[in-house]
Amino acid sequence: MPSKNKIMALIVQKYGGTSVGTTERIGNIADRIVATKKLGDDVVVVVSAMSGETNRLIALAKEISRQSSPREMDVLLSTGEQVTIALLAMALNARDCPAISYTGSQVHILTDSAHSKARIKEIDGSRIHRDLSLGRVVVVAGFQGMDDNGNITTLGRGGSDTSAVALAAALKANECQIYTDVDGVYTTDPRVEPRARRLERITFEEMLEMASLGSKVLQIRAVEFAGKYNVPLRVLSSFTEGKGTLITYEEDGVEAARISGIAFNRDEAKLTVLGVPDHPGAAYQILGPIGEANIEVDMIIQNVGRDGTTDFTFTVHRNDVEQAVRVLNGVASELGAREVNSDDSIVKLSLVGVGMRSHAGIAGSMFKILADEGINIKMISTSEIKISVVVDEKYLELGVRALHDGFELEKTA
Ligand code: ADP
Ligand code: ASP
Ligand code: MG
């Protein structure tokens, strides 16, 4: 075997929709990849569909039928990424940088059969390693895979992040770089709070919480995967130079900031069953059928019973509201509950930080900041490293900015 003098790194780079939104941008990315390659590193690139393309395809399907088969939806949606891999490989080849594009199935990204939210089970990196050893840049379609029966699957919205991390883990890459339209992970979405500050680092645990609570800068599963397989993960800008944000394990000895960030989620709706007879098993009788209908429940509260009845409130994804109300109407009449209400003009605001473990009183400060702005809290839930509240959606910007200001997140900890 020929020996190599230079220790080469293997880098997986992922470029999101905005970053490949036009052919000009694809050209710019090709220039960046050529520059990385010239440093002597091996590069595997994962790309999303051009921005807006996945939504356009979903809209086309809706014009055909209100409810299309999940299998055919995945055949349709996976085409977005197939366009960008080919265009990027062409752009690289045009720059005398040998490149080859592959769909998910061509590099054996094996998933389960849960169309539109498939999980990656296995990746065979041999074909990619062979191309790399021939000096090629390998361009892989994000967001897609193949199940055991050869059906095309997709990984859920934002799933190209997960493709990149899974490939990085399978190929034992030195780093997985997620290039997007912001230059890192911020204390909150910079589009809502322009004073948000870029974080140099954030722990996997906090990033997972931020992603789960609505920060769509990284797909939840990508963070889970990176944490589990110890993939060094960095979020960077496709448009500017910089170090971005490193997602990392918690470091001992460094006092963690009380709050790392504020996440928000506009996708939830609140459902209330009023006048539920207050007896053992009522919660189960309400949530059992919701679970059976495959509807995920997030926050739950039950009021203190009065006059032998209680009110039961919980949140679900907005897409599931109609179905949940149908289920609840059936349950309410069986239970003898008075009424079912739904409210989809709500938003969930959350504070996240591993430092909360060792700092008391954060919830109180949070509630005071919101009260001072006249923002009414409809629901509360807490865990070791987060506090979430549900408020009226008209208070989203005000709430995020007031909390950002109140906890002085614009300042370095
Ligand atoms: P891509 O198409 O590259 O995958 P996304 O739109 O999925 O990009 O993710 C980037 C967006 O995430 C940013 O434009 C920003 O508005 C949003 N975002 C939400 N929360 C944060 C946060 N805490 N830090 C940075 N960006 C955030
Ligand atoms: N194109 C897919 C989406 O829009 C996957 C991705 O961009 O990560 O959700
Ligand atoms: Mg994304």
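Each value in this text was obtained by applying a stated rule to the coordinates, not by laboratory testing. Treat the numbers as computed from the prediction; the structure is a model and nothing was measured. Don't worry about glycine lacking a Cβ; one is built from the backbone with ideal geometry, like all the others, and counts go over all protein chains shown.
Listing for the model above:
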{"quantity": "Elements of type strands (runs of 3 or more DSSP E) in segment 196-291, at least 3 residues being more than 23 Å from the chain's Cα centre (by Cα) and touching a residue at least 60 places away in the same chain (Cβ under 8 Å)", "calculated": "268-277"}
{"quantity": "In segment 196-233, residue surrounded by the most Cβ atoms within 10 Å (Cβ to Cβ) [restricted to those that are at negative phi, among the small types (Gly, Ala, Ser) and within 16 Å of ligand 2 (Cβ to nearest atom)]", "calculated": "Ala222"}
{"quantity": "Residue selected from segment 169-194 under the condition in a helix (DSSP H, G or I) and in contact with a helix residue (DSSP H, G or I) (Cβ under 8 Å, 6 or more places away or on another chain), by the criterion nearest to ligand 3 (Cβ to nearest atom)", "calculated": "Ala169"}
{"quantity": "Segment 277-315, residues that are among the charged types (D, E, K, R) and crowded, with 18+ Cβ neighbours inside 10 Å", "calculated": "Asp298, Asp311"}
{"quantity": "Lone qualifier among Ile120, Ile152 - being over 18 Å from Ile85 (Cα atoms), crowded, with 22+ Cβ neighbours inside 10 Å and away from ligand 3 (no atom under 16 Å from the Cβ)", "calculated": "Ile120"}
{"quantity": "Of all residues in segment 338-374 being in contact with a Ser or Thr (Cβ under 9 Å, 6 or more places away or on another chain) and acidic (Asp, Glu), the one that is farthest from Arg201 (Cα to Cα)", "calculated": "Glu339"}
{"quantity": "Given (1) farther than 18 Å from Val20 by Cα; (2) of a type in the set (D, E, K, R); (3) touching a strand residue (DSSP E or B) at 6+ places or on another chain (Cβ under 8 Å), number of the condition Arg130 does not satisfy", "calculated": "(3)"}
{"quantity": "Checklist (1) within 23 Å of Gly184 (Cβ to Cβ); (2) within 16 Å of ligand 3 (Cβ to nearest atom) applied to Asp31, failing item", "calculated": "(2)"}
{"quantity": "Single unsatisfied condition, Val165 versus (1) part of a helix (DSSP H, G or I); (2) surrounded by 23 or more Cβ atoms within 10 Å (Cβ to Cβ); (3) away from ligand 3 (no atom under 15 Å from the Cβ)", "calculated": "(3)"}
{"quantity": "Residue list for segment 63-81, filter: more than 24 Å from the chain's Cα centre (by Cα) and among the charged types (D, E, K, R)", "calculated": "Glu63, Arg66"}
{"quantity": "Test: residue in segment 215-222 that is away from ligand 3 (no atom under 15 Å from the Cβ) and out of contact with any His (no Cβ under 6 Å at 6 or more places or on another chain)", "calculated": "no"}
{"quantity": "Gly17, sole failed condition from (1) under 25 Å from Pro232 (Cα atoms); (2) surrounded by fewer than 20 Cβ atoms within 10 Å (Cβ to Cβ)", "calculated": "(2)"}
{"quantity": "Residue match in segment 94-115 (condition: farther than 30 Å from Val352 by Cα and within 16 Å of ligand 3 (Cβ to nearest atom))", "calculated": "no"}
{"quantity": "Residue that is surrounded by the fewest Cβ atoms within 10 Å (Cβ to Cβ), among those in segment 185-195 that are under 19 Å from Val347 (Cα atoms) and free of Cβ contacts under 8 Å to residues at least 40 places away in the same chain", "calculated": "Arg191"}
{"quantity": "Condition check for Ile377: buried (at least 17 other Cβ atoms within 10 Å of the Cβ), part of a loop (DSSP other than H, G, I, E, B) and either of a type outside the set (D, E, K, R) or touching a strand residue (DSSP E or B) at 6+ places or on another chain (Cβ under 7 Å) (or both)", "calculated": "no"}
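Every residue, every condition in (1) farther than 17 Å from Ile377 by Cα; (2) free of Cβ contacts under 8 Å to residues at least 24 places away in the same chain; (3) among the charged types (D, E, K, R), yes or no:
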{"position": "Gly308", "(1), (2), (3)": "yes, no, no"}
{"position": "Glu322", "(1), (2), (3)": "yes, yes, yes"}
{"position": "Val325", "(1), (2), (3)": "yes, no, no"}
{"position": "Asn329", "(1), (2), (3)": "yes, yes, no"}
{"position": "Ser333", "(1), (2), (3)": "yes, yes, no"}
{"position": "Arg338", "(1), (2), (3)": "yes, no, yes"}
{"position": "Asp344", "(1), (2), (3)": "no, no, yes"}
{"position": "Lys348", "(1), (2), (3)": "no, no, yes"}
{"position": "Gly353", "(1), (2), (3)": "yes, no, no"}
